[in-house]
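Taken together, the values in this text are just the output of simple stated rules run on the coordinates, not laboratory data. Note that the coordinates shown come from a computational prediction; the quantities given were computed from them, not determined experimentally. Don't worry about glycine lacking a Cβ; one is built from the backbone with ideal geometry, like all the others, and counts go over all protein chains shown.
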Amino acid sequence: MIDLNLSVQEINLILQALGQAPYAQVAELIEKVKEQAVPQVEAMPK
């Protein structure tokens, strides 16, 4: 397992790039990113 520290903007850029790939190849990866990122974004101070 590798931990990466990326900004919200960097994660969004990665998700945009993955969105250009065939769904069957990237759907699981996109879901993993969302599962890990959403709780962290929601916990950020507003």
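Work out the length of the dipole vector of the chain about its Cα centre, built from +1 on the beta-carbon of each Lys and Arg and -1 on the beta-carbon of each Asp and Glu, and round it to the nearest 20 debye. Kindly include the intermediate steps, with their values, before the conclusion.
On the way: 3 positive and 6 negative charges, 24 e Å.
Around 120 debye, computed over the chain.
Quantify how much of the Cα-Cα distance distribution of the chain extends past 18 Å, in percent. Write out the running numbers ahead of the final one.
Values: 315 of 1035 pairs.
I get 30 percent for the Cα pairs in the chain exceeding 18 Å.
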Problem set entry | Whole-Hz couplings from phi, Karplus 6.51/-1.76/1.60, listed for segment 23-35; x for Gly and Pro | 3, 4, 7, 10, 4, 5, 5, 4, 4, 4, 4, 4, 4
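Return the calculated 222 nm mean residue ellipticity for the chain, to the nearest 500 deg cm²/dmol, obtained by summing -39500 (n - 2.57) across DSSP H runs with n ≥ 4 and dividing by the residue count.
Working: 2 runs with 33 residues, N = 46.
Calculated at 222 nm, the ellipticity per residue is -24000 deg cm²/dmol.
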Problem set entry | Calculated from backbone phi, Karplus (6.51, -1.76, 1.60) coupling profile of segment 16-21 in Hz, x at Gly/Pro | 5, 5, 5, x, 8, 8
Problem set entry | Computed label-point distance, nm, for sites L13 and V38 using a 7 Å Cα→Cβ extension | 2.5 nm
